[in-house]
Amino acid sequence: MESKHRIQITVNEEEHDLLVHPNRTLLDLLRYDLGLTGTKEGCDEGDCGACTVIVNGKVMTSCLVLAVEVDGAAITTIEGLHQGDELHPIQQAFVDSGAVQCGFCTPGMILTTKALLDEISDPSEDEIKHYLEGNLCRCTGYTKILDAVNNAVQLLK
Amino acid sequence: MANFSIVGKRIPHRDAVEKVKGSAIFTSDIKLSGMLHGKILRSPVPHAKIRNIDISKAVKLKGVKAILTSKDVPLIKYSISPTWADKLILADTKVRYIGDEIAAVAAVDEEIAEEALELIEVDWEELPAVFDPLEAVQPGAPRLHDEVENNISKTMSMECGSIEEGFAEADVILEDTFQTQAQSHCSLETHCCIATCSPTDDVKMWVSTQAPHPLRQRLAATLNIDAAKIHVSAPFIGGAFGNKIDLEPAQALCVLLAKKTGKPVKIEHSRKEQFIATRMRHPTRCKLKFGVKRDGTIVAKQAEVVLDNGAYNSHGPAVLAYHNVMFSTLYRVKNIKYDGRLVYTNKNWGGACRGYGDPQASFAQEVMLDMIAEELKMDPIDLRLKNANIPNEVTANAVQITSCGLKECLTQARDKSEWTTKKAHKQKYRGIGVAAMIYTGGGSIGSGFNYSGATLQMNADGTFHLLMGALDIGQGSNTVLTQMAAEIMGVDPESISLTTADTDTTFPCMGTFGSRVTFCAGSAVTEAAHGLKKQILETGAEMLEANIDDLEMKEKKVFVKGSPDRSLSYAEIGAASFYKKKKPLVAHGYYNGPEVPPEFNPVTYEGYPSPALVFGTHLAEVEVDPATGKVEVLNFVAAHDLGRAINPLLVEGQIEGGAVQGIGWALMENLQFENGEVVNPNFHDYKMLTIKDVPKISSLLVETVDPNGPFGAKGIGECAMVPTAPAIVNAIYDAVGVRIKDLPATTEKVFQGLKTQG
């Protein structure tokens with residue numbers, strides 16, 4: 001196996017100086033090296049969106065990103081949204097709207113919504129659907145997820 | 001309408017905050033010190049004899065800690081019932097499908113475990129294989145299980161009334177054949193388990209399962225160890241849909257690897273393994289013959305059914321029984337004949353999958369009804385109303401119906417969807433279709449078991465702790481069941497702490513399936529809560545020196561009616577029970593019902609013993625693109641008789657999720673096989689619906705208040721996808737005149753149908 005590489009990343013505003021194997025994915029780095037297990041692995045092929053994180057303001061499926069590729073990046077995971085007991089308005093909207101069932105897709109859904117609303121503060125239904133198309137959910141049928149995004153828009157106003 | 005303060009309220013999931021914060025722990029999030037990783041070697045061929053397995057190279061790989069082959073494991077077959085047991089956790093002499101378990105490795109990491117699998121050499125003698133159930137039953141077809149002739153695992157035949165006389169009475173007779181395809185459950189979390197084994201052989205397992213208590217029993221039986229030595233605990237479950245009820249070989253192998261190495265072992269399925277080697281919806285072929293009178297009365301119905309079992313049984317025999325029961329019980333038909341066969345093929349095997357055979361039965365029956373309505377020039381909803389089940393009837397197949405809101409579902413869905421207007425003013429390429437359903441709303445005691453237990457205790461500070469075997473797999477039972485307890489105790493449901501899904505600390509529960517938890521676990525919880533309420537009042541009566549009949553419970557106090565100053569807080573009662581009386585207050589509830597009626601015939605499933613039946617209607621409006629055949633679902637109405645909605649927000653979530661799973665099955669989802677190999681074992685090629693594909697689902701909650709259900713409630717989980725596909729397919733026919741009889745109704749099939757019309 002090739003030798004480890006040194007990377008410096010900021011995750012949820014905390015700086016990390018790490019040695020990683022060149023084949024380590026960002027997903028495994030977050031889950032197993034940093035213990036941030038809120039980021040989920042649903043397929044490991046970039047199809048389901050459960051492992052979505054925000055890297056330098058853009059959503060990425062962390063299972064398809066190598067840790068060495070994000071050297072120097074600022075990363076937000078689901079653990080970085082709430083401030084103590086106070087939920088981020090998007091998290092609160094997901095709770096209140098009944099948009100969470102099993103919860104496995106939820107972190108990815110919420111982070112994609114965050115990236116969407118950071119970019120477009122009052123999105124149309126088509127824009128919401130376009131952004132969330134890559135996040136699969138088997139439980140909710142998406143109806144209440146759409147409600148949650150719309151409710152989050154109101155909470156953020 | 002009864003006046004409740006907590007039941008009937010739209011309360012968000014009590015676990016939702018943990019889940020949105022990313023702090024909810026699922027099985028795959030657990031990491032134990034020294035934990036090894038297990039991987040399974042699976043058959044790459046559909047049918048072969050195993051001549052020899054050589055692990056000599058693999059054991060030498062650095063980091064490999066244990067390898068198991070069939071020589072190292074008990075050769076005890078399992079299924080959901082000993083009667084149907086046909087599966088070994090590791091194949092000994094033969095493999096029967098691509099994915100069959102051959103060996104298991106535990107290593108220090110996943111990469112080494114995978115490398116070790118590649119070093120295991122298997123010497124095969126490939127055998128002819130059979131993939132089509134109709135070919136599998138032919139003389140001379142390759143035989144999967146030596147003891148099973150013609151590959152027929154089970155047959156089920158039933159006749160009620162006289163089918164011959166029924167057809168003789170009919171004005172119109174219609175016959176046709178309908179086929180349905182395999183569907184994968186697609187829970188976002190794959191199967192995962194972690195096992196430890198102490199030096200005294202005590203096993204602890206954290207596992208993504210729908211049924212911790214039955215899993216403990218099945219592990220004990222399959223591994224030949226005492227069930228009391230196995231402790232199963234389920235963390236948060238990332239969806240299941242039927243796929244996590246049965247024992248998975250990985251779970252048994254995980255225990256054995258932990259035992260052999262003395263280390264914790266984790267086995268987590270890849271997404272590909274989830275598609276190729278965990279259960280799926282049974283494909284079916286259903287030949288129907290219906291006889292009707294000119295006025296729409298169905299006088300006879302007959303089904304000849306083949307369920308494609310795949311290589312092993314799992315739930316197959318029970319799914320066949322449910323296919324029969326649901327087909328036969330829906331509508332008031334006097335003369336019914338059912339002949340079903342469950343047939344082995346060299347493919348992945350079917351299992352429990354949301355609806356348990358009923359979506360397949362519903363597809364055939366409800367498309368047939370649409371064809372009958374057209375033949376009779378009758379409105380499809382009127383035809384269904386004409387034959388609809390009614391409350392308190394006993395059906396021809398001896399099923400006792402209690403509450404029944406089928407007619408209300410049909411008429412409310414009709415009004416909500418503006419069916420009449422849309423039918424009268426039909427737009428080109430747009431169509432509207434309907435389908436109805438029946439299902440169990442509380443599991444069944446056909447196997448003798450339909451149990452759920454609960455314990456409610458008052459803590460020393462007057463708060464409450466609820467212990468239940470039932471587990472929340474995302475559907476919301478933790479919320480709904482604490483709502484029931486909170487209503488009776490007069491407290492905020494959030495204030496009730498919970499222990500669930502743990503075999504060592506809770507009374508057993510059959511598990512979360514069969515749309516049974518609200519009814520069965522709810523019955524146990526309400527029994528426990530009423531029991532505890534009585535104890536609290538008795539304690540209060542003694543302490544207040546009052547007559548128990550004069551006492552009331554309100555706002556966490558017990559007080560004498562009319563004298564609010566003569567009162568005790570729950571905290572005072574809790575403290576007194578622990579410290580003065582030294583007798584903590586605790587009450588149990590246990591459900592295992594209903595009583596099996598004498599009419600129940602376990603061979604034909606006449607007299608099917610369910611505590612409650614539920615009914616529903618789905619109504620879909622679609623638009624078909626004439627240039628491509630692409631179907632867009634524009635509007636969708638789902639009306640469900642669920643007795644009473646304990647929590648409408650969560651009920652809607654079940655209905656919306658079920659309907660979308662049903663639309664996916666209707667239009668796109670298809671686990672496809674070529675020569676026994678799944679050719680689309682990933683989310684890219686196996687098309688689940690995305691947020692872009694779904695219409696708004698309008699849920700109508702029809703509250704019939706079941707006489708036996710807790711607060712009148714019945715189940716909903718599986719029911720929500722039962723009539724979806726036929727509603728869509730009937731809408732496609734209404735739109736463009738293309739009749740799909742073979743799911744899924746893909747763009748290509750609709751396009752071919754349009755082309756045939758010219």
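Readers should treat all values here as calculations from the given coordinates under stated rules, not as data from a laboratory. As the structure is a prediction and not an experimental result, all values here were calculated from the model. Cβ coordinates were reconstructed from backbone atoms using ideal geometry, including for glycine residues, and neighbour counts include every protein chain displayed.
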Along the positive direction of the dipole of the protein assembly as shown (beta-carbon charges: Lys, Arg +1; Asp, Glu -1; about the Cα centre), which of B:Tyr579, B:Ala104, B:Phe4 reaches farthest?
B:Tyr579
Residue-averaged [θ]222 nm for chain B, counting only DSSP H segments that reach four residues, each worth -39500 (n - 2.57):
-8000 deg cm²/dmol
List the extent of the Cα atoms of chain B along each of their three principal axes, largest first, rounded to whole Å.
85, 74, 49
Sequence-distant residues sharing a close amide H with B:Asn635 (under 5 Å, placed H):
B:Glu621
Relative frequency of Cα-Cα separations exceeding 18 Å in segment A:89-156, percent
22
Loop sites in segment A:50-157: GluC sites (Glu not before Pro), DSSP, at most 16 other Cβ within 10 Å
A:Glu133
Non-local residues with an amide H under 5 Å from the amide H of B:Leu41, with H modelled 1.01 Å from N and Pro and chain starts lacking one, are B:Ile102, B:Ala103, B:Ala104, B:Val105
Filter the cross-link list B:Lys272/B:Lys749; B:Lys287/B:Lys696; B:Lys272/B:Lys347 down to pairs whose alpha-carbon distance in this structure exceeds 25 Å.
B:Lys272/B:Lys749; B:Lys287/B:Lys696
Translational D in µm²/s for segment A:5-80 (Stokes-Einstein at 4 °C, 1.567 mPa s, Kirkwood Rh from C-alpha pairs)
108
Dipole magnitude of segment A:89-156 about its Cα centre (Cβ charges: Lys, Arg +1; Asp, Glu -1), debye to nearest 20
340
Expressed as a whole-number percentage, the relative contact order of chain A with C-alpha contacts under 8 angstrom and at least six residues apart is 24
For a footprinting-style exposure proxy, rank B:Trp124, B:Trp84, B:Trp206 by other Cβ within 10 Å, fewest first.
B:Trp124, B:Trp84, B:Trp206
Exposure proxy check: B:Ile40, B:Ile728, B:Ile112 ranked by fewest other beta carbons within 10 Å?
B:Ile112, B:Ile40, B:Ile728
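Mind checking the dipole of segment A:5-80: about its Cα centre, +1 per Lys or Arg Cβ, -1 per Asp or Glu Cβ, Debye to the nearest 20?
With Lys and Arg at +1 and Asp and Glu at -1, about 60 debye.
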Short version: ³J(HN,Hα) in whole Hz for each residue of segment B:582-598, in order, from phi by Karplus 6.51 cos²θ - 1.76 cosθ + 1.60 (θ = phi - 60°), x for Gly and Pro, what are they?
6, 9, x, 8, 8, 9, 10, x, 9, 10, 8, x, x, 4, 6, x, x
Counting alpha carbon pairs within less than 8 Å and at least 6 residues apart, what relative contact order, in whole percent, applies to segment A:89-156?
58
Looking at chain B, send over the antiparallel percent of its DSSP beta bridges, to the nearest 5.
75
Read phi for every residue in segment B:398-403 and hand back ³J(HN,Hα) as whole Hz from Karplus 6.51 cos²θ - 1.76 cosθ + 1.60, θ = phi - 60°, with x for Gly and Pro.
6, 8, 7, 9, 9, 6
Candidate aspartates and glutamates for bridging to B:Lys57, where Cα separation is under 13 Å - those fewer than 8 sequence places away on the same chain excluded:
B:Glu115, B:Glu118, B:Glu121
If you put +1 on each Lys and Arg Cβ and -1 on each Asp and Glu Cβ, how big is the dipole of the protein assembly as shown around its Cα centre, in Debye rounded to 20?
1040
I'd like the distance separating the alpha-carbon centroids of segment B:125-198 and segment B:474-497, in whole Å.
41
Base-10 log of normalised Debye intensity for the protein assembly as shown (one unit scatterer per alpha-carbon) at q = 0.06 Å⁻¹:
-0.41
Taking the dipole about the Cα centre of chain A, with the C-beta of Lys and Arg at +1 and of Asp and Glu at -1, give me whichever of A:Leu66, A:Ile128, A:Gly103 is farthest to the positive side.
A:Gly103
Check cross-link reach from B:Lys423 to the aspartates and glutamates: straight Cα distance under 15 Å, and skip same-chain residues fewer than eight apart.
B:Asp370, B:Glu374, B:Asp379, B:Asp382, B:Asp415, B:Glu621, B:Glu623, B:Asp734
Among B:Gly737, B:Thr284, B:Leu117, whose Cα lies farthest out toward the positive end of the dipole of chain B, if unit charges sit on the beta carbon of Lys, Arg (+1) and Asp, Glu (-1)?
B:Leu117
Taking every DSSP beta bridge with both residues inside segment B:216-375, roughly what % is antiparallel (nearest 5)?
45
Quick one: of the DSSP bridges fully inside segment B:608-742, what percent are antiparallel, nearest 5?
65
Filtered trypsin sites (Lys or Arg not before Pro), segment B:324-384: DSSP coil and at most 12 other beta carbons within 10 Å:
B:Lys377
Could you tell me the center-to-center distance, by alpha carbons, between segment B:23-96 and segment B:257-304 in angstrom?
23
Residue by residue, what Karplus-based ³J(HN,Hα) values in Hz, rounded to whole numbers, does segment B:565-572 have, using 6.51, -1.76 and 1.60 with θ = phi - 60° and x for Gly and Pro?
6, 8, 9, 10, 7, 4, 4, 5
One finds the C-alpha centres of segment A:108-157 and segment A:47-77 to be spaced, in Å, by 18
Remind me, relative contact order of segment B:282-435 in percent, using alpha carbon pairs under 8 angstrom and six or more residues apart?
22
With DSSP loop assignment and no more than 15 other C-beta atoms within 10 Å, the GluC sites (Glu not before Pro) in segment B:468-576 are B:Glu545, B:Glu555
Where is the GNM fluctuation largest for chain A (alpha-carbon springs, 10 angstrom cutoff): A:Gln92, A:Gln83, A:Gln101?
A:Gln83
